[in-house]
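Structure first, commentary second.
No value in this document is a laboratory result; all are computed from the given coordinates. Predicted model, so just to flag it, every value in this text is computed and none were measured. Using ideal geometry, Cβ is built from the backbone for each residue, glycine included, and neighbour counts are taken over all protein chains shown.
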Ligand SMILES: C[S@@+](CC[C@H](N)C(=O)[O-])C[C@H]1O[C@@H](n2cnc3c(N)ncnc32)[C@H](O)[C@@H]1O
């Protein structure tokens, strides 16, 4: 079932898949562009935008009905912790968003993909369309979804990632060509865009579904990042070229693929650290100045001024602040080789030792 390209009609094929079996969906559906006639570049060559048969619908309500059917299937297939990304242009994104809200999806973000090399507006009759919109949603409000916040930040050079992303449109060697060297698909998406989406909103080994596979960009990114994929595409030719494309891709293990930046630190207790010798019952806890303030008890609590307290309440007392508790790991120190060392540092070393053992 996994790592397959299904050549078929998407609603029918999705109906064959079990409920709550998918972690992440990326959908790049028909746009319903409604373009007619031939568009020429200023120098006279023909521009091939998206006027394919797969993009034709009889009316806007026909398009909305189709959208409602496949999006309802997406919602059925998603695990409660899963999320869906839907990309579209101004011609379709409002319909898609409206349908999604009607089905109960809850938006997390809408993201502007700003094209750094957009197609010019050849006639100069309006603004050049230099972006597409991505809707990122969960099945219902308050759903707990996968989001690797720190991985996203890492991908953005250490700054919090915002909702305007700049990538070039797919071009050059990345663009798939047919046997005559013509571009195979009019709307092939950039691999970098899909890699970012998959890296920040799924885990290694997760299942990614794309109901409108095209050139299989989603599968290429999923495979590279160690996720499983299910791709659905109606046109046999795209499936065949896509299959060949995927044969050239392999898993590239990396901190981004594993989202190591977002790993939760190993939970360790004071008692465990005392048992393993990182701390000694009876030793003195100090502030930064190294002066003995509280004495560590075998159960991890502290003896302070004749009272037995947990280390967080004790930290507030020792610092003489109004708050009832302070994080003890930010406050307490112990003496190691004659110097006051933060107990947080001692805990980090302890964790590192455990990680090495495993
Ligand atoms: C916008 S393109 C997706 C492009 C893709 N993201 C890529 O990077 O190559 C939409 C694709 O959906 C396919 N498609 C349209 N309607 C479909 C349907 N009802 N069932 C299956 N595939 C369909 C089209 O053949 C087309 O390749």
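For the reader, a short list of remarks on this structure follows.
- Once the Cα atoms are used to define both axes, helix 93-103 deviates from the longest principal axis of the chain by about 60 degrees.
- For the chain, averaging the sequence separation of C-alpha pairs within contact (under 8 Å, six or more residues apart) and dividing by the residue count gives a relative contact order of 16 percent.
- When you count the other C-beta atoms within 10 angstrom of each residue and take the mean per peptide, 227-233, 29-35, 80-86 line up highest first as 227-233, 80-86, 29-35.
- Considering only beta bridges that DSSP places wholly inside segment 4-262, some 45 percent are antiparallel.
- Rg(Cα) / (2.2 N^0.38 Å) computed for the chain, rounded to two decimals: 1.34
- Separation in nanometres of the label points that stand 7 Å from Cα toward Cβ, at residue 59 and residue 114: 4.0 nm
- Order by protection proxy (mean Cβ within 10 Å, highest first), peptides 129-142, 321-334: 129-142, 321-334
- Space enclosed by the convex hull of the alpha-carbon atoms of segment 153-212, per residue, Å³: 134 Å³
- Listed residues 252, 345, 235, most fluctuating in the chain (Gaussian network, C-alpha, under 10 Å): 345
- Shape analysis of segment 121-261 places it in the oblate category; the axes a ≥ b ≥ c from the Cα gyration tensor give an a/c of at least 1.5, with a/b not above b/c.
- Calculated FRET value between residue 250 and residue 144, using beta carbons and R₀ = 30 Å, to 0.05: 0.40
- Efficiency of FRET between residue 156 and residue 264 - r from beta-carbon atoms, R0 35 angstrom, step 0.05: 0.95
- Degrees between helix 191-201 axis and first principal axis of the chain (Cα, 0 to 90, nearest 10): 40 degrees
- Helix-derived mean residue ellipticity, 222 nm - over the chain, DSSP H n ≥ 4, -39500 (n - 2.57), to 500: -9000 deg cm²/dmol
- Segment 270-357: translational diffusion in µm²/s, Stokes-Einstein, Kirkwood Rh over Cα pairs, 25 °C, 0.890 mPa s: 188 µm²/s
- Rg to Rh quotient for segment 306-345, alpha carbon positions, Kirkwood Rh: 1.02
- One Cα centroid belongs to segment 287-358, the other to segment 93-165; the line between them spans 45 Å.
- Degrees between helix 343-357 axis and first principal axis of the chain (Cα, 0 to 90, nearest 10): 60 degrees
- When you restrict to C-alpha pairs under 8 Å that are six or more residues apart and normalise by the size of segment 270-357, the relative contact order lands at 25 percent.
- Gain on full stretching of the segment that runs from residue 167 to residue 128 - 0.36 nm per residue minus C-alpha separation: 12.4 nm
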